[in-house]
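Worksheet for the structure shown next.
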Amino acid sequence: MTRHTDVVVVGGGQAGLAAGYHLRRHRLDFVILDAEAAPGGAWQHMWDSLHLFSPAQYSSLPGRLMPAQPGETYPDTGHVVNYLADYEKRYDLPIQHGTRVDAVRRDTDRLLVEADSGTWRARAVISATGTWSRPFLPAVPGRSVFTGRQLHTVNYRSPADFAGQRVLVVGGGNSGAQIAADLALDGQVEVTWVTQRPPRFLPDDIDGRALFDVATARRRALEAGRSDTGGVASLGDIVAVPPVRAARDAGLLTAQPMFTQLTATAVRWADGSTREADAVIWCTGFRPALAHLAPLNLRGARGHIPTDGTRALGEPRLHLLGYGDWTGPASATLIGVGRPARDAAREIAALM
Ligand SMILES: Cc1cc2nc3c(=O)[nH]c(=O)nc-3n(C[C@H](O)[C@H](O)[C@H](O)COP(=O)(O)OP(=O)(O)OC[C@H]3O[C@@H](n4cnc5c(N)ncnc54)[C@H](O)[C@@H]3O)c2cc1C
């Protein structure tokens, strides 16, 4: 059966919900199709001890402040999931959970959105599928030879799964530092943290609030034609959230350089030294989940789709939301996605 609507939003995590909020304000007819069976997007799957890097009121979607979590300055992921579930209900967003979109195609004056539960003909599409479903693993020699456990950030839950084991954590970003700290502070796991270059901790007084301010200052500078301030990346890579700070200050978070090879039971560095390991956790990032857009043939360099703001350059009826800074400064954060969502909805309304 083919259904008709103004806009299909693909993905019902925070980016899809922010899109829905603004589409509703423009009184457009739309549907949000989300592969997850329940609300919360990727937040449902993150590891047990994870907390936001900003206080609740700095982690809000448009229209509704995230309430504080009693006893926590930085809310945990369960609190975020509850907030997103409540947001869906509060704004009565037309979201269909458990619906995966396989393909978006051009069809004369419409875009055809093919999902496992049917097809929609839409005048515009907002893709907000995030990155969680596309974990990235680097091509390191011997990866297939290693007989221990290998997992990615997406599969990590808690130190209890590694009690008494020797674990290598690979990655110098926030996930790598936080998972290494989680394991090290537990005291039951022998952790080696490995990073491609020496880790760059942000100053301790900088959390997500300050990062958002820096990203905003950068956007304003660029909009005003002033020189690029370098944004968040110029400050460092790792937010010194409380567990990271605690592990670092206890001397538990000293990074080793990247090894060059895995063997059946160990990793080996360029100088020939080795370390036995029971498990390797690859905290090596994500790629945007864009497979459903392949029929539109829009991919540019680095697997991204070139955009002007959120609008795809090669297909003006398609907007991309979330994913990373290439779809708007801080657009892959809770507080940052509101602005590009507003812009996307406004452009779509103008197009109609
Ligand atoms: C470890 C970690 C910590 C983070 N901490 C913070 C933080 O403290 N503060 C902050 O603001 N941000 C943080 N972020 C960044 C960001 O807020 C989250 O990654 C957030 O989940 C991104 O939301 P999203 O809506 O773009 O994507 P997602 O939450 O991944 O939602 C995308 C949705 O689209 C669905 N989907 C995917 N493909 C399809 C398809 N083909 N058809 C239908 N549905 C599909 C998915 O199932 C999912 O429900 C963190 C990210 C990570 C990984």
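All conditions in (1) modelled with pLDDT under 95; (2) open to solvent by 20 Å² or more (accessible area, probe 1.4 Å); (3) under 18 Å from Gly338 (Cα atoms) hold for Met1, with the sole exception of (3). Of the residues making up the stretch 66-109, those that are in contact (Cβ under 8 Å) with a residue 60 or more places away in the chain, within 12 Å of the ligand (Cβ to nearest atom) and not in a helix (DSSP H, G or I) are Met66, Tyr74, Ile95, Gln96, His97, Gly98, Thr99, Arg100, Val101, Asp102, Ala103, Val104.
Set side by side, the residues Val8, Val101, Val31, Val80 differ, and just one is over 30 Å from Gly176 (Cα atoms) and open to solvent by less than 10 Å² (accessible area, probe 1.4 Å), which is Val8. Of all residue pairs spaced 6 or more apart or on separate chains, those with beta-carbon atoms under 8 Å, a first member in the stretch 271-292 that is of a type in the set (Ser, Thr, Tyr) and a second member that is assigned to a loop (DSSP other than H, G, I, E, B) are Thr274/Thr263; Thr284/Phe136; Thr284/Leu137; Thr284/Pro138; Thr284/Gly171.
Scanning the stretch 193-207 for residues that are of a type outside the set (A, V, I, L, M) and crowded, with 20+ Cβ neighbours inside 10 Å, which turns out modelled with the lowest pLDDT? Within the stretch 193-207, the match that is modelled with the lowest pLDDT is Asp207.
Under the condition of being of a type in the set (S, T, N, Q) and part of a helix (DSSP H, G or I), which residue from the stretch 1-53 is farthest from the ligand (Cβ to nearest atom)? So the residue we want is Gln44.
What's the number of the only condition in (1) polar (S, T, N, Q); (2) closer than 24 Å to Trp43 by Cα; (3) touching a Pro at 6+ places or on another chain (Cβ under 8 Å) that Thr216 fails to meet? Against the list (1) polar (S, T, N, Q); (2) closer than 24 Å to Trp43 by Cα; (3) touching a Pro at 6+ places or on another chain (Cβ under 8 Å), Thr216 comes up short only on (2). Is there a residue in the stretch 118-132 that is away from the ligand (no atom under 13 Å from the Cβ), in contact (Cβ under 8 Å) with a residue 40 or more places away in the chain and either closer than 24 Å to Thr265 by Cα or assigned to a helix (DSSP H, G or I) (or both)? No: zero hits. For Ala181, the conditions (1) modelled with pLDDT under 95; (2) more than 19 Å from Pro135 (Cβ to Cβ); (3) within 16 Å of the ligand (Cβ to nearest atom) are fulfilled apart from (1).
Select from the stretch 265-298 the residues that are away from the ligand (no atom under 16 Å from the Cβ) and among the basic types (Lys, Arg) and list them in ascending order. Across the stretch 265-298, the qualifying residues are Arg268, Arg275.
With the requirement that a residue be open to solvent by 50 Å² or more (accessible area, probe 1.4 Å) and in a loop (DSSP other than H, G, I, E, B), what does the stretch 133-144 give you? Matches in the stretch 133-144: Ser133, Arg134, Phe136, Leu137, Ala139, Pro141, Arg143, Ser144.
The values are calculated or read from the model by the stated rules, or taken from the named source; none is laboratory data. No experiment lies behind these values; they were computed from the predicted model shown. Glycine also receives a Cβ, built like all others from the backbone with ideal geometry; neighbour counts cover every protein chain displayed. These area figures cover heavy atoms from the full protein model, side chains too; ligands, DNA and RNA do not enter into them. Shrake-Rupley method; radii C 1.70, N 1.55, O 1.52, S 1.80 Å.
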